[in-house]
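The values are calculated or read from the model by the stated rules, or taken from the named source; none is laboratory data. Values in this document were obtained by computation on a predicted structure and should not be read as measured data. Cβ placement follows ideal geometry from the backbone for every residue including glycine, while neighbour counts extend to all protein chains displayed.
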Amino acid sequence: MKIIEVITDAGDSDTLVGIAEQHEINDRWVNLDSNTQRCVVRMLVSDDKRQKVLDALQKIIATNENAHVLVIPVDAVLAREPKHEEEKKKTIPASVTREELYKEIEQNARLDSTYLLLVTLSTIVVSIGLLQDNVAVVIAAMVIAPLLGPNLALAFSTSLGDAELLWRSLKTLLSGLGLALGLSVIIGMLWPHAFDSHEVISRTEVGMESVVLALASGAAAVISITTGLSGVLVGVMVAIALLPPTAVLGLTLGAEHYSQAAGAGLLLAVNIVCLNLAAKLVFLSRGVKPRTWLEQRKARQSTATYIIFWLVSLLILVFAIYLREHLR
């Protein structure tokens, strides 16, 4: 349950009240300011109605540049709901609206100085942890690294048919991976010892279990954000971390250990492909789609292309894993 607040011209107040009545929202407040000819309408909206209400309100925003819609979280509700309402909620999974998802996912896919600094620091931390065989340090770097966000944004952008978000996400992902790879190559060139730690070796081995783990983790990531349980993402970051195999790839390339580098590169590719494929399929199953018919048509086209691309990539990687295991 959240509060939807609409700030718009006073002439829209009757329309807003009509929307509230249409969706059976009894808890609403209307505040009119005769001096500014503006109005503020607040509605207490349940989770199952929030997306429909926001879709209806967007028609007002589209024709009025001075209109604003705010979604305000409700920390607690003291009035206990009737028993039949509680039973009804048990059959409806908790969900986050399209607009709330966009805000959270888009801000985690921005290419800015903070993102690059976090990638730089996490690469240094994970490289030290890998080379010293320190599991705790490696896990810490997994949580710091912001590489999960751009991948989720890639899958989300095709669900909405948003080409601008897709290209921004791709640029952010490639910049982060390129920066991490470059730094780890330099560290690998300067490191004087052998790369025989368990943490390094484990990131150069890839099998079918790696594919299953990456698919399950990618699905868990999207389920966590679409249900509002974003705290689960910390566990996902550890389960399907992209930074350690990227760092191992760079370290081994810098030290000219090409056989190990091939394994790390294959593991990194498996994680990226499976994460994007699983995320896309879960977004699709959760019914994440644009509001208008034209946008939905564009999204269906991009979705089909996206899924086919990642499926073909996964089949190629599975074949590569099979060849690698049988050539040993």
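Would you call ALA320 among the small types (Gly, Ala, Ser) and within 26 Å of ALA141 (Cβ to Cβ)?
On the way: among the small types (Gly, Ala, Ser): yes; within 26 Å of ALA141 (Cβ to Cβ): no.
Answer is no for this residue.
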Looking at ALA153, ALA136, which is the one that is assigned by TED's automatic domain parsing to the domain that holds THR303 and surrounded by 24 or more Cβ atoms within 10 Å (Cβ to Cβ)?
-> ALA153
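Can you pull out every residue in the stretch 56-94 that is at pLDDT 70 or above and either of a type in the set (Gly, Ala, Ser) or assigned to a loop (DSSP other than H, G, I, E, B) (or both)? Give the steps one after another, and end with the answer.
Taking the stretch 56-94 first, the residues at pLDDT 70 or above are 56-78.
Answer for the stretch 56-94, where residues must be at pLDDT 70 or above and either of a type in the set (Gly, Ala, Ser) or assigned to a loop (DSSP other than H, G, I, E, B) (or both): ALA56, ALA62, ASN64, GLU65, ASN66, ALA67, VAL74, ASP75, ALA76, VAL77, LEU78.
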When the residues of the stretch 270-296 are filtered to those that are free of Cβ contacts under 8 Å to residues at least 40 places away in the same chain and of a type outside the set (Ser, Thr, Tyr), which remaining residue is surrounded by the fewest Cβ atoms within 10 Å (Cβ to Cβ)?
-> TRP293
Within the set of pairs 6+ apart or on separate chains, which have a first residue in the stretch 110-123 that is farther than 22 Å from LEU166 by Cα, a second that is outside any helix (DSSP H, G or I), and C-beta atoms under 7 Å apart?
-> SER122/ALA145
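Restricting attention to the stretch 1-18, which residues are over 15 Å from CYS39 (Cα atoms) and among the hydrophobic types (A, V, I, L, M, F, W, C)? Don't jump to the end; show me each part of the working.
Start the filter on the stretch 1-18 by keeping residues that are over 15 Å from CYS39 (Cα atoms), which leaves 1-3.
Of everything in the stretch 1-18, those that are over 15 Å from CYS39 (Cα atoms) and among the hydrophobic types (A, V, I, L, M, F, W, C) turn out to be MET1, ILE3.
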